[in-house]
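**Q** Dumping the structure here so I can ask a few things about it.
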Amino acid sequence: MERKRFPMIEFLANVCFAGSFCAFALGTLGLFRLPDPYTRLHGVGMGDTLGMGLAGLGLLLISPTWALRIKLLVILALFWTINPTMTHLVAKAGLIHGVQPVEGTRVIKG
């Protein structure tokens with residue numbers, strides 16, 4: 001049985017994939033251009049979270065079965081929970097071990 005094609009949904013999925021590529025690219029650019037480890041970590045974390053969200057949305061749009069959509073939603077929920085949490089933990093570990101942010105950054109102790 002051949003799957004029905006919906007050109008508008010495929011177009012929206014391709015827009016999501018292009019947006020995902022841009023988010024990943026901007027995160028990578030931030031990794032190389034930002035001044036200290038904390039801002040680099042923030043740029044990469046935001047780029048990865050947005051990029052993965054857009055890629056997952058694009059895959060949700062073109063997935064053929066509900067079982068696959070549910071699996072994708074579980075993966076996205078896990079990624080959206082784990083990625084920001086780990087980014088925060090790595091930054092906190094850097095602060096605890098004495099990695100100093102760039103001059104002029106306000107650090108909240110606590």
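**Q** Can you sort TRP66, TRP80 so the residue with the fewest Cβ neighbours within 10 Å comes first? It would help to have the intermediate numbers written out before the result.
**A** Working: TRP66 8, TRP80 14.
Least crowded to most crowded, the residues run TRP66, TRP80.
**Q** Would you compute, from DSSP H runs of 4+ residues alone, the mean residue ellipticity of the chain at 222 nm, taking -39500 (n - 2.57) per run and dividing by the full residue count, rounded to the nearest 500? Don't skip to the end; give the middle numbers.
**A** Working: 3 runs with 84 residues, N = 110.
After summing the helix terms and dividing by residue count, I get -27500 deg cm²/dmol.
**Q** What number comes out for the charge environment of GLY94, summing +1 per Lys or Arg and -1 per Asp or Glu over other residues with Cβ under 13 Å away?
**A** The answer is +1.
**Q** What does the convex hull of the Cα atoms come to per residue for the chain, in Å³? Display every interim value, and only then the final one.
**A** Details: hull volume 12.5 nm³, N = 110.
Given the Cα convex hull of the chain, per-residue volume reads 113 Å³.
**Q** Right, something else. Treating only the Cβ atoms of Lys and Arg (+1) and Asp and Glu (-1) as charged, compute the dipole magnitude of the chain about its Cα centre; round to the nearest 20 debye. Numbers along the way, then the final one.
**A** On the way: 10 positive and 5 negative charges, 42 e Å.
Here the size comes out at about 200 debye.
Just so you know, all these numbers are worked out from the coordinates, no wet-lab data involved. No experiment lies behind these values; they were computed from the predicted model shown. As a convention, Cβ positions derive from the backbone with ideal geometry for all residues, glycine included, and neighbour counts pool all protein chains shown.
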